[in-house]
Amino acid sequence: MDECLALADLGASINLMPLSVWNKLSLLDLSPTCMTLELADRSISRPVGIAEDVSVKAGKFHFPDDFVVVDFDSDPRVLLILGRFFLKTGRDILLLEEFLNDDPSSPPLPP
């Protein structure tokens, strides 16, 4: 799957992926989990497992992140739900790239 739209859930601390998407991606085996989720419609869901180190492309960068895989009917327009940690990490790197592209002579940032 080359490209898909994702929903940004700023209140979520996890990334969600429908089981149907995981099946299409032919990723490695899922790690077991005993997590229980309460979804937006207040239903309870037990994830199938965790997909670890899934490469997600944002701009020209690839970010590895874990996804909780849940067996539910997804909206075909939004295949992934990205949580706030992924969004913060990706945003920081894209902002740094933009800053460096604006002024390539800028001194390097301190560690």
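Here are the numbers for this structure:
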item	result
Lone unmet requirement of (1) modelled with pLDDT of 60 or more; (2) surrounded by fewer than 16 Cβ atoms within 10 Å (Cβ to Cβ); (3) not in a strand (DSSP E or B) for P64	(3)
Answer residue from region 40-61, given it is of a type outside the set (V, I, T) and part of a loop (DSSP other than H, G, I, E, B) and is surrounded by the most Cβ atoms within 10 Å (Cβ to Cβ) among those	P47
So L16, is it surrounded by 13 or more Cβ atoms within 10 Å (Cβ to Cβ) and modelled with pLDDT under 75	no
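The values are calculated or read from the model by the stated rules, or taken from the named source; none is laboratory data. Keep in mind it's a predicted model, so treat the numbers as computed, not measured. In this analysis, Cβ positions are derived from the backbone assuming ideal geometry, glycine residues included, and neighbour counts consider all displayed protein chains.
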